Every structure is written in C-alpha cells, then in structure tokens.
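See structure below.
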Amino acid sequence: KNEVEQSPQNLTAQEGEFITINCSYSVGISALHWLQQHPGGGIVSLFMLSSGKKKHGRLIATINIQEKHSSLHITASHPRDSAVYICAGQFTDKLIFGTGTRLQVFP
Amino acid sequence: NAGVTQTPKFRILKIGQSMTLQCTQDMNHNYMYWYRQDPGMGLKLIYYSVGAGITDKGEVPNGYNVSRSTTEDFPLRLELAAPSQTSVYFCASLPVFAALVIYSPLHFGNGTRLTVT
C-alpha cells in the first residue's frame, strides 16, 4: 500500500527557533513534494525532491532514499511561517499526501 | 498564465442532487488530480489522470466520476450528493513524471467548498 506519514501533527514554536517536520513513506516513491497550506486554504509547492537536499531561503528539505524519510527544516522561524506543511509521495502516477503538520510560531 | 482554475468556489447541494466541479489548467500539464480535504484532515486522492482519455481511481473514488477529454479539462462529477461528500475539493496538476525533470512543482487550484445538506 502506498503510504505517507508525517510527524508531528501539531507544532508550536517561539520566533527564531529551528523547526523540523518529518515525513516517512513506503516503497516505490519516485519523488517527494513538500507543500504549504495557509489558513485561507491555498496550497503552494515548496520543494520536489528525488535525492539529496534543497534550500530556498530559510527552508531546507532533505531526503534519505535508503531510510525512506524526508525532513523539512525552517531556520530562524517567524510568525508568518505559521501554516500547515504537507508532504506528498509520488508513487508512479499517484500522488499520496500525508496528513499535514500544523505549525504555529509565536512572537 | 492562469494556472489551475477551479469553479465554483462555493456550492450548497441538497441530498440527491448532482453537480460537476470544473478544473482547467493552461500549462499543458499531463497529470491532473482531484482531492478532497475534510476538516482537520489530510488530502485524499479521489481520481487522477495521466493524459487525455486516461483516468484512474484514487483512494476514495466512490460517489464520483471523472472524464479527461482534453489535456486542459478534468471535471469531477457527483451524481447523487450525500452529506458524506461535504468537503473542500482541490484540483492539482503536474507537467510530467517527476523522474524526467529536475523540478516539477505541483500546481493547485484554490479549491471548491461543497456542503451537502
């Protein structure tokens, strides 16, 4: 079965803290996506990974193919980072989503 | 480019009514997906398509139908609406199979909020 699991479900942080969100998946994945969903509901793509590491601003995404695990890191977190972060595994043609991590960053 | 356009944004249906949720993309993407998102829950795959004329079931296809007569359009049909179909529906698209490109971002529509009473 194609599965994607995320942890934690909820995360609170003080402004400036380093944040890590984890995603694990079952076999057969060809790529992993990280997305952000804002309170208004809109969903935007942050990263697509098939190996290694990618960085964009304060966001870093890594993937370990052997361990079937990916992480999203946010450095120097800010209240505007408050959102739901979602990982999605690409299993051949299907895209299966994790349940999301709700992040709240307080000033 | 408009990206992925979903209509309508909101709809209230009575039990047993039918409707079509529209999804159009102008990026010539091959892959298109329909998801539903229940309150506080993750996105569940309803149906997907890898190109015009090809569709397949996802995780939760019961009660829905789709068609893909063109690359641009991927409508989702609810034939006999039930309260369990109250949800927010998202359409998404991808250009090509991920392994063939360095970066293949997912594009999402803004969602359709459907209430069945």
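Some notes on this structure:
- Using every pair of distinct Cα positions in chain B, the Kirkwood expression returns a hydrodynamic radius of 14.3 angstrom.
- Hz values of 3J(HN,Hα) by residue in the range B:74-83 - Karplus curve (6.51, -1.76, 1.60), Gly and Pro given as x: 9, x, 10, 10, 10, 7, 10, 4, 10, x
- Per residue Cα convex hull volume in Å³ - calculated over the range B:39-100: 102
- Chain A contacts chain B over a buried accessible area of about 1900 Å², both sides summed; the probe is 1.4 Å and only protein chains count.
- The magnitude of the dipole of chain B, with charges of +1 and -1 set on the Cβ of Lys/Arg and Asp/Glu and taken from the Cα centre, is near 320 debye.
- A:Q104-A:V27 pseudo-label distance in nm [points 7 Å out on the Cα-to-Cβ vector]: 4.1
- Interface burial in the range A:58-95 reaches 40 Å² or more for A:Q90, A:D93, A:K94, A:L95, comparing the full protein assembly with the chain by itself; accessible area from heavy atoms with a 1.4 Å probe.
- Highest-fluctuation residue, B:G40, B:G53, B:G16 considered, GNM on chain B with Cα pairs under 10 Å: B:G40
- Phi to ³J(HN,Hα) by Karplus 6.51 cos²θ - 1.76 cosθ + 1.60 over the range B:20-36, Hz, x for Gly, Pro: 10, 8, 9, 9, 9, 10, 10, 10, 6, 6, 7, 8, 9, 9, 10, 10, 10
- Residues in the protein assembly as shown average 48 Å² of solvent-accessible surface per residue, probe 1.4 Å, ligands and nucleic acids excluded.
- For chain A, the percent of C-alpha pairs falling in each 5 Å distance bin, counted from 0 to the bin holding the largest distance, reads 3, 14, 25, 26, 19, 10, 4, 1, 0.
- Share of carbon and sulfur in the accessible heavy-atom surface of chain B [1.4 Å probe, %]: 54
- For the protein assembly as shown, alpha-carbon Rg relative to the globular expectation (2.2 N^0.38 Å, N residues): 1.01
- Extension gain for the segment B:M41 to B:V96, taken as residue separation times 0.36 nm less the Cα-Cα distance, is 17.0 nm to one decimal.
- Backbone HN-Hα couplings from phi across the range B:111-117 [Karplus 6.51/-1.76/1.60, Hz, Gly and Pro as x]: x, 10, 8, 10, 10, 10, 10
- Efficiency of FRET from Cβ geometry, B:E59 and A:H56, R₀ 45 Å, rounded to 0.05: 0.90
- Subtracting the Cα-Cα distance of B:A52 and B:A82 from their residue separation scaled by 0.36 nm leaves 7.9 nm.
The values are calculated or read from the model by the stated rules, or taken from the named source; none is laboratory data. Predicted model, so just to flag it, every value in this text is computed and none were measured. Ideal geometry is used to build each Cβ from the backbone, glycine not excepted, and the neighbour counts take in all protein chains shown. Protein only, heavy atoms only, side chains kept; ligands, DNA and RNA dropped before computing areas. Shrake-Rupley method; radii C 1.70, N 1.55, O 1.52, S 1.80 Å.
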